[in-house]
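Accompanying notes for the structure given below.
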Amino acid sequence: MFGRRSGEDIVVGLDIGTSKICVVVAEKNENGEIKIIGSGIRPSHGLRKGLVVNVESTVESIIEAVADAEKMSKTEIHSVYASITGSHIKSINSRGSTAITSRDGVVTDSDIKRVIDKACEISLPAGKDVIHSLPQEYLLDGQDGIKNPKGMVGNQLDVNVYIIAGSVASERNIVKAIANAGFEVEGLVVQSLASSMVALKQEERDSGVLLIDMGGGTTDIIVFIDGLVRHSEVISIGGDHVTNDISIGLRVSIPIAERIKRKHACALKSMVGRDEEFFVEGAIGKDKIRMSRKKLAEIVEMRMEEAFGIIKKRVERYEGLLSSGVVLTGGCCNLPGVQELAKSRLKLAVKIGKPLEVSGLAEILDSPVSTTCVGLVKFGFIYGSELKYFSFSPINLLKKVFSYGSSLLRRKIFYKKEG
Ligand SMILES: Nc1ncnc2c1ncn2[C@@H]1O[C@H](COP(=O)(O)OP(=O)(O)OP(=O)(O)O)[C@@H](O)[C@H]1O
Ligand SMILES: [Mg+2]
């Protein structure tokens, strides 16, 4: 049908969100930079709080969004990197330990792989599976702080790994929906991690930063300190809760509440004048009525404040360590006043994150709702399908090291299209 196929040179991201399904097709240009050559965005109907609850509706949206992206990029899409979120995603620190097996005691790639595997052998609660394992630091015969032990000499290698795990059932539902739509999953990437791939600079990750991705059904947070992931969490509050509150507070239907939110809402009531008004058609039992923008802002602020209150509690332990402040992504960034509200509640500098060092379609790069999806393609380009093992160190040795491995192979088979 089209001249090109997705694969090594062309990577496709599929962000399955509660509000929208987003597809981004990207290639690497002659300078090795990622360039977006096509996209498709369709409303999402089969998810709740980030989880697939209706496979059929999700399949439909995926097919439509992929078709749009194929047409625009003139590419036949076969496989995708897909996002995963939901409150089932949990993180845990784990330690692995192994003896160095070579006769001269030099640490090799296989020692590194083995020690990370050991760290992943922790007993997770039933029904949970490791999505990512991020090596934090290595210890060689007790000497800590080692970023890359390859080539060093010792007897015993230990590693501290940050493991992000999720529910197998949720993973399967995403994979099933994508397979039923006719595509293979190259790998699943946690949404906040995907967003961080393009919205954060290395200096920010090094000096300490909190990324908050506020979507429709969830708010996903991730903390980087000293270049490493220290915390990640999914909070079950998103823009849809704000829409719901508006629907109840102003007694309008959900679609009207959503329209009102996008057109008239502000996240900080102090930014709205007491006498500012707007008109709404179709409010229950009435034709057209006048409404107070201040009241609308009060409703919005209350819910957003709840979300930032929860985040504040979760990141309290990192006080003084987040020198680069907060980067906001996701659809809720479009709400006027959200940056100011976040700043006043979290007491940190706040900026809106945009995909960095990526070129191509401006409508994708300028929209905070597409950041996760652009992050997925960057992830795909950098780490290929070695999703379980990677580090954020600039010299990404692990990419090379873990281009094999039984767990990886099992994963690929598991993701192959069903039926
Ligand atoms: N212009 C706007 N003004 C206010 N809110 C907006 C605007 N545009 C989008 N939103 C809100 O952003 C939310 C959707 O954001 P996003 O597309 O990032 O979510 P998602 O990725 O589909 O969901 P999730 O990540 O939670 O599963 C919705 O609640 C929507 O109402
Ligand atoms: Mg999202």
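Just order 175-185, 353-363 by mean Cβ neighbour count inside 10 Å, highest at the front, would you?
175-185, 353-363
From the cross-link list LYS35/LYS74; LYS128/LYS378; LYS261/LYS295, which pairs have alpha carbons spaced over 21 Å apart?
Pairs exceeding 21 Å: LYS128/LYS378.
Taking θ = phi - 60°, what integer Hz values does the Karplus form 6.51 cos²θ - 1.76 cosθ + 1.60 yield along region 88-100, in sequence order, with x for Gly and Pro?
Once rounded to whole Hz, the list reads 6, 6, 10, 10, 8, 8, 9, 10, x, 9, 8, 8, 6.
Each residue of region 248-262 in turn: what ³J(HN,Hα) in whole Hz from Karplus with 6.51, -1.76, 1.60 and θ = phi - 60°, glycine and Pro shown as x?
Computed from phi, the couplings for region 248-262 are 6, x, 9, 6, 10, 5, 4, x, 5, 4, 5, 5, 4, 4, 5 Hz.
Could you run the Karplus curve 6.51 cos²θ - 1.76 cosθ + 1.60 with θ = phi - 60° over region 353-358 and give me ³J(HN,Hα) per residue in whole Hz, x for Gly and Pro?
Using θ = phi - 60°, the values come out as x, 10, x, 9, 6, 10 Hz.
If you place +1 on the Cβ of every Lys and Arg, -1 on the Cβ of every Asp and Glu, and leave all else neutral, what size is the dipole of region 239-302 about its Cα centre, to the nearest 20 Debye?
140 debye
Would you mind computing, in nm to one decimal, how far apart the modelled labels at ARG251 and GLU184 are, each placed 7 Å from Cα along Cα→Cβ?
5.7 nm
Identify which of GLU203, GLU258, GLU64 has the largest mean-square fluctuation in a Gaussian network model of the chain, with springs joining Cα atoms closer than 10 Å.
Looking only at GLU203, GLU258, GLU64, the largest GNM fluctuation is found for GLU203.
Let me know the shape class of region 176-314, please: from the alpha-carbon gyration tensor, a ≥ b ≥ c as square roots of the eigenvalues, rounded when a/c is under 1.5, otherwise prolate if a/b is greater than b/c, or oblate.
oblate
Do you know the relative contact order of region 239-302, to the nearest whole percent, from alpha carbon pairs under 8 angstrom that are 6+ apart?
About 36 percent, as a whole number.
With no other cysteine's Cβ closer than 4.7 Å, which Cys residues of the chain count as lacking a disulfide-compatible partner?
Those would be CYS120, CYS266, CYS332, CYS333, since no other cysteine Cβ in the chain comes under 4.7 Å of theirs.
In bins 10 Å wide, starting from 0, what share of all Cα pairs of region 74-135 does each bin hold, as a percent?
In order of increasing distance, the bins hold 16, 34, 25, 17, 7, 0 percent.
What does the accessible area per residue of the chain come to in Å², with a 1.4 Å probe and no ligands, DNA or RNA counted?
Ligands and nucleic acids excluded, the figure is 44 Å² per residue.
Counting pairs of alpha carbon atoms under 8 Å apart in space and at least six apart in sequence, what relative contact order in percent does region 1-132 give?
About 22 percent, as a whole number.
Residue separation times 0.36 nm, minus the C-alpha to C-alpha distance between ASN54 and ASN93: what's the value?
Value of the extension gain: 10.7 nm.
Amide H to amide H, which residues 5 or more places from CYS266 or on other chains are under 5 Å from it, using H placed in the peptide plane?
ALA297
Return the FRET efficiency for the residue pair LYS35, ARG262: r is the Cβ-Cβ distance, R0 is 30 Å, and the value is rounded to the nearest 0.05.
After rounding to 0.05, the efficiency reads 0.50.
Give me the Debye-computed log₁₀ of I(q)/I(0) at q = 0.24, 0.25, 0.28 Å⁻¹ for region 90-166, equal point scatterers on Cα only, no solvent, two decimals.
-1.00, -1.06, -1.26
Which trypsin sites (Lys or Arg not before Pro) in region 66-154 pass both tests, a DSSP loop state and at most 13 other beta-carbon atoms within 10 Å?
Counting only loop positions with at most 13 other Cβ atoms within 10 Å, the trypsin sites (Lys or Arg not before Pro) in region 66-154 are LYS74, ARG103.
Could you grab the relative contact order for the chain? Cα pairs under 8 Å, six or more apart, rounded to a whole percent.
Averaging sequence separation for qualifying contacts and normalising by length gives 18 percent for the chain.
Would you work out the charge dipole size for the chain about its Cα centre, treating the Cβ of every Lys and Arg as +1 and the Cβ of every Asp and Glu as -1, and quote it to the nearest 20 debye?
720 debye
So, with a 1.4 angstrom probe, what is the percent of accessible area on region 38-169 that is carbon and sulfur?
Taking all protein chains in place, region 38-169 shows 49 percent carbon and sulfur surface.
Beyond 13 Å, what percent of the Cα pairs of region 239-302 remain?
55 percent
Per 0.36 nm of contour for each residue apart, how much would the distance between LYS347 and ILE310 grow if the chain were fully extended, relative to their Cα-Cα spacing?
Taking 0.36 nm per residue and subtracting the Cα distance, the gain is 11.9 nm.
Taking all protein chains as present, what is the carbon and sulfur share of the accessible area of region 239-302, in % to the nearest whole number, probe 1.4 Å?
Carbon plus sulfur share of accessible area: 51 percent.
So between LEU356 and GLN202, what do we pick up on full extension, going 0.36 nm a residue minus the alpha carbon distance?
54.3 nm
Evaluate E = 1/(1 + (r/R0)^6) for MET302 and ILE122, where r is the Cβ-Cβ distance and R0 equals 41 Å; express this FRET efficiency to the nearest 0.05.
0.55
For the chain, what is the percent of antiparallel DSSP beta bridges, rounded to the nearest 5?
75 percent
The values are calculated or read from the model by the stated rules, or taken from the named source; none is laboratory data. The shown structure was predicted, so the numbers you read here are calculated from the model rather than taken from an experiment. Note that we place each Cβ from the backbone using ideal geometry, even for glycine, and neighbour counts take in every protein chain shown. Heads up: the accessible areas ignore ligands, DNA and RNA and are worked out on the full protein's heavy atoms, side chains in. Shrake-Rupley method; radii C 1.70, N 1.55, O 1.52, S 1.80 Å.
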